[in-house]
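**Student:** Provided herewith is a single structure, encoded as structure tokens, for subsequent inquiry.
The values are calculated or read from the model by the stated rules, or taken from the named source; none is laboratory data. For clarity, every value in this text was computed on a predicted model and none was experimentally measured. As a convention, Cβ positions derive from the backbone with ideal geometry for all residues, glycine included, and neighbour counts pool all protein chains shown. The protein model used for the area step is the full one, side chains on, heavy atoms only, and it has no ligands, DNA or RNA in it. Shrake-Rupley method; radii C 1.70, N 1.55, O 1.52, S 1.80 Å.
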Amino acid sequence: MRVITLLFIVAITCTACKKDQAEIAEFNKNCSCAKEVTAEFMMEELTYPGINVRYTETDTIHKEKNVRFTPIEKNAVYTWYMGTEILTDSVVQKYFDESLAGGNLPITLVVKKPPNKICLPNDDGYDSITKYLHVSNLPIWNSPDAIVGPIEGNFRVKSEHLPDSFDINIDITYIPPKAYFNITNYDGMGSSCIQQARPTDRNYRQMWGFDGVSTSQCDAMKGDVHVKMDGMVEMNFEFFHHPDYPGYAKRQYLGRKI
């Protein structure tokens, strides 16, 4: 009888332990994804207002442009400090006129939110961060040359359609009243588009085009060039009447400036 009683007690104890562990696991099941409250935010330059407004994440912008500031933390209390302005919207959009050109402007965000004390007992639910936005003196529309920023220059890129990397040159020229998006070796096989394509939208780190080209000019090329904040470049192009394709050929190039 003693043996049976002892086994019964052990069985109950083990069952109770297993139940407690299951409850704890359920209680903390989302802690692996828990993060402390953060004031991190994203700065995005906007192309000029229009039907298709485009956004580019950046730390530098062209003068006379709008910037959208978006916090990473959701459903919190936000306080933005921008110069003499104090704003409390979650997402803020601000215009930076020519008088600010050449300046490094501090942008501060303070975030308050009830912390997750279960998973993060040391989190006080408060964070602040200051980033600097540089308003450049660009673009400069000299004729015949123009200076628009990092999307101009020589780039070494790689694409799946060729076994080796190749170089592309991009240069913006200005022949009043039009600017031209000149690209040398845009297909990696020697094709160039000079004084024919025009940029349709632009930000400091990204430019889209190419308005004005036809099937007899630059293969009706269109696409964008994006020089990211980490220095890497991504180009997305489409060409018509490509020798290997009956319609549009899509190309993505990844690389860096050289």
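**Student:** Any residue at all in the range 135-154 that's more than 21 Å from the chain's Cα centre (by Cα), at pLDDT 95 or above and over 20 Å from His226 (Cβ atoms)?
**Tutor:** yes
**Student:** Would you check if there is a residue in the range 178-185 being in contact with a strand residue (DSSP E or B) (Cβ under 9 Å, 6 or more places away or on another chain), over 20 Å from Ile61 (Cα atoms) and open to solvent by 70 Å² or more (accessible area, probe 1.4 Å)?
**Tutor:** yes
**Student:** Condition first: closer than 23 Å to Asn66 by Cα, of a type in the set (Lys, Arg) and not in a strand (DSSP E or B). Can you find one or more residues in the range 188-206 that meet it? Before the answer, list the steps.
**Tutor:** Pass one, the range 188-206, residues closer than 23 Å to Asn66 by Cα: 198-206.
Checking which are of a type in the set (Lys, Arg) leaves us with 198, 202, 205.
Okay, now just the ones that are also not in a strand (DSSP E or B), so 205.
Within the range 188-206, one or more residues are closer than 23 Å to Asn66 by Cα, of a type in the set (Lys, Arg) and not in a strand (DSSP E or B).
**Student:** Also, I was wondering about something else. Output yes when any residue across the range 48-61 is closer than 30 Å to Ile118 by Cβ and open to solvent by 20 Å² or more (accessible area, probe 1.4 Å), and no when none is.
**Tutor:** No, the range 48-61 contains no residue that is closer than 30 Å to Ile118 by Cβ and open to solvent by 20 Å² or more (accessible area, probe 1.4 Å).
**Student:** Hey, could you check the range 101-115 for residues that are more than 17 Å from Glu40 (Cβ to Cβ) and open to solvent by 60 Å² or more (accessible area, probe 1.4 Å) and say which is farthest from the chain's Cα centre (by Cα)?
**Tutor:** Pro114
**Student:** Ser136 versus (1) open to solvent by 30 Å² or more (accessible area, probe 1.4 Å); (2) among the small types (Gly, Ala, Ser); (3) out of contact with any Leu (no Cβ under 8 Å at 6 or more places or on another chain): which is the lone unmet condition?
**Tutor:** Unmet condition: (1).
**Student:** If a residue must be closer than 30 Å to Cys31 by Cβ and aromatic (Phe, Trp, Tyr), how many such residues does the range 120-150 contain?
**Tutor:** 1
**Student:** Let me ask something else. Condition check: over 23 Å from Phe239 (Cβ atoms) and open to solvent by 50 Å² or more (accessible area, probe 1.4 Å). Does Ile194 satisfy that?
**Tutor:** No, not satisfied.
**Student:** Can you name the number of the only condition in (1) surrounded by fewer than 19 Cβ atoms within 10 Å (Cβ to Cβ); (2) in contact with a helix residue (DSSP H, G or I) (Cβ under 9 Å, 6 or more places away or on another chain); (3) under 30 Å from Phe96 (Cα atoms); (4) not basic (Lys, Arg) that Asp201 fails?
**Tutor:** (2)
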